[in-house]
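Accompanying notes for the structure given below.
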Amino acid sequence: MIKLCEWCNQEFNAAQKRTRFCSKRCFGFSNTGRTMPPGWKENLSASMKGRIGVPLSKEVRDKLSESQKGAKNARWVGGRSLINGYVRLNIDYPHPNAYVEYRSGGEVRRWRILEHRLVMSAILGRPLDRWDIIHHKNGDKTDNRPENLEHLRGDNYGTRAPVICPSCGYAF
């Protein structure tokens, strides 16, 4: 559908009925109250002049999306994030202690696991049970060195007597 941009009065091909502006630039200027610089249309590259207001194809969107995933993204921090003080990792493989995030279509997006549980699982050589407690001896939840982690097993989690850490005396 051909529409008229509310900011620059240029005709453009609108993908949706509610579209009011030919480009993000016009939308931005309309929100800030600034005026368009003189000759801005002439300064556009030839490829951009024909693209204003035209949606990108699915192939182009997928290619752009793929070029910004993981380590290619400027904001990539190695797949690590802090959740409630604990280090959470994004891993590329299924792990018995990892939880899965799905895309809207039902396909697996990624697996995530808390780093201290991954380290202790590797030390013990088996997956952890949900009632296994991993204690940080020095109290720093981001210090996941094997010598700082202690495995405490509470057999009937929720109905058991408190577990006392032999190193620091903390009761769980």
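Sorting the segments 13-21, 110-118 by their residues' average number of neighbouring beta-carbon atoms within 10 angstrom, most packed first, yields 110-118, 13-21. Each of Lys141 and Leu82 was given a label point 7 Å from its Cα along the Cα-to-Cβ line. The distance between the two points is 1.0 nm.
Extension gain, Met1 to Tyr93, is 28.5 nm, computed as 0.36 nm per intervening residue step minus the present C-alpha separation. 3J(HN,Hα) along the range 136-150: 8, 4, 8, x, 8, 5, 8, 8, 10, 5, x, 6, 9, 9, 10 Hz, from the Karplus curve 6.51 cos²θ - 1.76 cosθ + 1.60 with θ = phi - 60°, whole Hz, x for Gly and Pro. Note on the range 112-154: Rg/Rh from C-alpha atoms, Kirkwood Rh, equals 0.92.
Summing charges over all other residues whose Cβ lies under 10 Å from the Cβ of Leu114, with Lys and Arg as +1 and Asp and Glu as -1, gives +3. From the largest down, the range 79-153 spans 42, 24, 18 angstrom on the principal axes of its Cα atoms. Residue separation of Arg61 and Gln16 scaled by 0.36 nm, minus their Cα-Cα distance, works out to 14.4 nm of gained length.
The numbers here are math on the coordinates, done by the rules we state, and not lab data. Remember, predicted model here, so these are calculated numbers, not experimental data. Using ideal geometry, Cβ is built from the backbone for each residue, glycine included, and neighbour counts are taken over all protein chains shown.
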